[in-house]
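Here's the structure we're looking at; comments come further down.
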Amino acid sequence: MSENIIETNGLAKSFGNQWALYNINVNVKKDITTGLVGPNGAGKTTLFSLFCGFLKPTKGSVKILNHEPDHPLLRGRISILPQDASLLKTIPVGKQLTMFAELQGFKKRLAVEEAERVLEMVNLSSSRHKTADQLSHGMLKRIAIAQAFIGTPDLILLDEPTAGLDPGTTDNIKSVIRSLSKNTSIIITSHNLEVIEDLCQQVIILKEGRLHSDEKVSDLTARTKALTFRLEQDADNSIRSVLKALDIVTEVKLGKPGQHRLVVHYSSDAGQMAEIEIIKCLAENNIPYREMIRGERLQESVTDRLG
Amino acid sequence: MLSNAETGFILSLFIDPKVIQSLFVGRAPTFSAYFYLAMSSVPMFVLLAASDQTANDIGSKYLRFLTPRCNRLEIFVGRFFGATILISFAYILVTIIAALISMAVDNNGVSLVLADLPLVLVSLVLYLIPFVAFMSLCSVIVGSAGLSALMGVSVYVVMLVIISVIGIKSKDFAEVISYIIPNSTKFQYLQLSWVKMMGASLLVPIYVVAYGLLGWMIFSKRDI
């Protein structure tokens, strides 16, 4: 049995003359949560849709759990949260979820209970008799998430699971995903790199339709050897030389204009005083900051890599 | 009134005399008139009623909720059967109402209508099935029911015009070409004879397989 839950080989997809994805060779590992990230137009949703079988490859192949997407043996083994799909407008959402559960093989009575269970997971039990027209955008998103949690799939694919949700609901969904990830492989696409950093162990980065990198999140975030500052305003380039003058500092990264970010890497043998020395240096040079985080966040790391 | 000689003469100006003879001699005239109208309405009614087998769900991407739970072939075939059952049920219901009316208003209505009712029902259902299959083909090509209906009606009308134009030059060739669209068997069904109906019904699976296979080839490969 392969250790990979998804394998692609020379996968490519074009729309007309435009290549949305080109020559993607990627293996998604089993039993972990994997993030799929990249800027707009990088091909995240296209790759996700190829994994799900919504789109057919122009070239190459993709195997999910050792089968082609759409294979009858995958029924009930994968769950998908599609990004833009709409539920039926005239049937109550509870009934639609019950129907989905029945299609996954649940008997009628158990399907009703399963629909109830997943609605509770997204705190929408009271909305089961409402139709899609009677629910807000955020609630519909939660219903769509709920349908992806039906049953006990081997693989859950979530396209932008927290887009359009308020912070409280985002935290709730993140906690549900975290608890499901103990028994299930999960793939998440998101623009929100905090979500990816919080939930994922592996991250696949796409850039301009090509595979940029496939790495462990822990390798990208260097938690113990860097400090990330959110400054009051963008730092001047001169701060680079000021900080580099400290023996312990190995690298200084400035955020793009408007980001107000500063990342300072220091040597691993610098000891506990290193952080204090860096903060003191900023104070002496009159550079105020609003927030300081230990380590380099995925946001900075990915932004840095994508140039 | 529908069964007298004068009406027969007037009708023969518009309808094939053979059909008039089969429908209005020795039958309940109201029920026969209903049958003729129902058969004539099948193309347009079915082209509209069966237009949304998969089209709207492709447009709204609702199929993305279904594909992890059932494969595309099940969706395609299920939608075809669903549309066939729904439209057949509508015709059966209206036919039963027409039969009751005919029993009430025609001379010897009860016995004449009861004798024809099974044949009328079977003929209507068999005649509409190829149109549903035709629309399952149109429905997988576009992303909305409106566009699917427009496409179905346009193709149907354009084909009728082409066949008519070819018919001016060569009647035999036009007759062969007319089998591309599913109303080529209408004349046989309208004669209200079990033998003719069974002959015409042989084409039903051919139409279903031809349109269905073409539709499936597109649906199985298209992005949803």
Members of region B:22-43 found to be surrounded by fewer than 17 Cβ atoms within 10 Å (Cβ to Cβ) and either polar (S, T, N, Q) or within 14 Å of chain A (Cβ to nearest Cβ) (or both), listed by number: B:Ser40, B:Ser41
For A:Ala132, all conditions in the list (1) surrounded by fewer than 19 Cβ atoms within 10 Å (Cβ to Cβ); (2) away from chain B (no Cβ under 14 Å); (3) on the phi < 0 side of the Ramachandran plot hold save one; what is the number of the exception? (2)
Of the conditions (1) farther than 22 Å from A:Ala101 by Cβ; (2) out of contact with any strand residue (DSSP E or B) (no Cβ under 9 Å at 6 or more places or on another chain), A:Arg178 fails just one. Which one is it? (2)
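Any idea which of B:Ser111, B:Ser123, B:Ser139 is of a type in the set (S, T, N, Q), buried (at least 17 other Cβ atoms within 10 Å of the Cβ) and over 30 Å from B:Lys61 (Cβ atoms)?
Numbers: B:Ser111 fails: buried (at least 17 other Cβ atoms within 10 Å of the Cβ); B:Ser139 fails: over 30 Å from B:Lys61 (Cβ atoms).
Unique residue meeting the criteria: B:Ser123.
Residues are listed down the side, and each one gets a yes or a no for (1) more than 22 Å from B:Met198 (Cα to Cα); (2) aromatic (Phe, Trp, Tyr):
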| position | (1), (2) |
| --- | --- |
| B:Leu47 | yes, no |
| B:Lys61 | yes, no |
| B:Phe80 | yes, yes |
| B:Ile87 | no, no |
| B:Val120 | no, no |
| B:Leu126 | no, no |
| B:Val132 | no, no |
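Just the residues that are among the charged types (D, E, K, R) and facing chain A (nearest Cβ under 7 Å), please, taken from region B:44-78.
B:Lys61, B:Arg64, B:Arg69, B:Arg72
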Per-region count, region A:71-82, residues at the interface with chain B (Cβ under 9 Å from one of its Cβ atoms) and touching a helix residue (DSSP H, G or I) at 6+ places or on another chain (Cβ under 6 Å): 3
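With the condition being among the hydroxyl-bearing types (Ser, Thr, Tyr), I'd like the strands (runs of 3 or more DSSP E) fully within region A:1-66 carrying at least 1 qualifying residues. Reasoning before the result, please.
Details: elements: A:4-15, A:18-24, A:27-29, A:33-37, A:59-64.
Ranges flagged: A:4-15, A:18-24, A:33-37, A:59-64.
Here's the yes/no breakdown for (1) crowded, with 16+ Cβ neighbours inside 10 Å; (2) over 19 Å from B:Leu48 (Cα atoms):
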position	(1), (2)
B:Tyr156	yes, no
B:Val161	no, yes
B:Ile168	no, yes
B:Asp172	no, yes
B:Tyr179	no, yes
B:Gln188	yes, yes
B:Met197	yes, yes
B:Val204	yes, yes
Go through region A:84-109 and give me each residue that's more than 7 Å from chain B (Cβ to nearest Cβ) and part of a helix (DSSP H, G or I). A:Val93, A:Gly94, A:Lys95, A:Gln96, A:Leu97, A:Thr98, A:Met99, A:Ala101, A:Glu102, A:Lys108, A:Arg109
The one condition B:Leu117 fails out of (1) buried (at least 16 other Cβ atoms within 10 Å of the Cβ); (2) at pLDDT below 90; (3) more than 14 Å from the chain's Cα centre (by Cα) is (2)
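For (1) over 21 Å from A:Ser49 (Cα atoms); (2) part of a loop (DSSP other than H, G, I, E, B), each residue gets a yes or a no:
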| residue | (1), (2) |
| --- | --- |
| A:Leu140 | no, no |
| A:Ile150 | no, yes |
| A:Pro153 | no, yes |
| A:Leu158 | no, no |
| A:Asn172 | yes, no |
| A:Ile177 | no, no |
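Can you list the strands (runs of 3 or more DSSP E) found entirely within region A:193-279 that contain at least 3 residues being closer than 26 Å to A:Lys44 by Cβ and of a type outside the set (A, V, I, L, M, F, W, C)?
Numbers: elements: A:202-207, A:210-216, A:226-231, A:249-254, A:261-266.
Answer list for region A:193-279: A:210-216.
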Only one of A:Ile186, A:Ile150 is buried (at least 23 other Cβ atoms within 10 Å of the Cβ), at pLDDT 90 or above, away from chain B (no Cβ under 14 Å) and in contact with a helix residue (DSSP H, G or I) (Cβ under 8 Å, 6 or more places away or on another chain), namely A:Ile186
Within region B:180-224, how many residues turn out to be among the aromatic types (Phe, Trp, Tyr) and within 21 Å of B:Leu119 (Cβ to Cβ)? 4
With the first residue restricted to region B:52-81 and required to be at positive phi and charged (D, E, K, R), and the second required to be in a loop (DSSP other than H, G, I, E, B) and surrounded by fewer than 19 Cβ atoms within 10 Å (Cβ to Cβ), Cβ contacts under 6 Å at 6 or more apart or on different chains are B:Lys61/A:Asp84
Condition first: closer than 15 Å to B:Phe35 by Cβ and in contact (Cβ under 8 Å) with a residue 24 or more places away in the chain. Now tell me which residues in region B:85-104 satisfy that. B:Tyr91, B:Ile92, B:Val94, B:Thr95, B:Ala98, B:Ala99, B:Ile101, B:Ser102, B:Met103
If you take the residues in region B:206-224 that are surrounded by 16 or more Cβ atoms within 10 Å (Cβ to Cβ) and farther than 27 Å from A:Pro69 by Cβ, which one is farthest from the other protein chains (Cβ to nearest Cβ)? B:Tyr207
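The values are calculated or read from the model by the stated rules, or taken from the named source; none is laboratory data. Since the model is a prediction, treat every value here as computed from it, not as a measurement. When we count neighbours, we look across all protein chains shown, and the Cβ atoms used for this are built from the backbone with ideal geometry, even at glycine.
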